[in-house]
Amino acid sequence: MQTIKILGSGCANCKQLEQLTRKVIDELGVEAEVTKVTDPTRYLEYGVMSTPALIINEECVCSGSIPSMKDLTRMV
């Protein structure tokens, strides 16, 4: 099972990244636990300086933008 974290304050971009990520997970049938991290002090644990950010299995794979569905599919 993959561990996926969405880092962000809850802004529109953060919510969109979460929705797209959940959609890709569902479409691919990937078993994953998705959590949201809204505490800015935790962002630095992953080297994230801008949100939204996507953390997969404790590795930052995207930060500061919303990847396309195609890119998300490759990341997950």
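Quick one: with all protein chains in place, what share of the accessible area of the chain is carbon or sulfur, to the nearest percent (1.4 Å probe)? Walk me through the numbers before you get to the answer.
Numbers: 2100 of 4450 Å².
Heavy-atom surface of the chain belonging to carbon and sulfur, 1.4 Å probe: 47 percent.
Expressed in Å, the radius of gyration and Dmax of the Cα atoms of region 1-70 are 11.1, 32. The charge dipole of the chain, taken about its Cα centre with unit charges on the Cβ atoms of Lys, Arg (+1), Asp and Glu (-1) only, comes to about 240 debye.
In the chain, what GluC sites (Glu not before Pro) fall in a loop by DSSP, with at most 14 other Cβ atoms inside 10 Å? Before the final figure, lay out the partial values.
Details: sites: 18, 27, 31, 33, 45, 58, 59; in loops: 31, 58.
Answer in residue order: 31, 58.
In degrees, nearest 10, range 0 to 90: what is the angle between the Cα axis of helix 12-28 and the longest Cα principal axis of the chain? For 12-28 against the chain, the angle is about 30 degrees.
The values are calculated or read from the model by the stated rules, or taken from the named source; none is laboratory data. On a predicted model such as this, the values are computed, not experimentally measured, just so you know. Because the Cβ atoms are built from the backbone with ideal geometry, glycine has one as well, and the counts that use them run over all protein chains shown. Accessible surface is based on the protein model in full, side chains and every heavy atom, while ligands, DNA and RNA are left aside. Shrake-Rupley method; radii C 1.70, N 1.55, O 1.52, S 1.80 Å.
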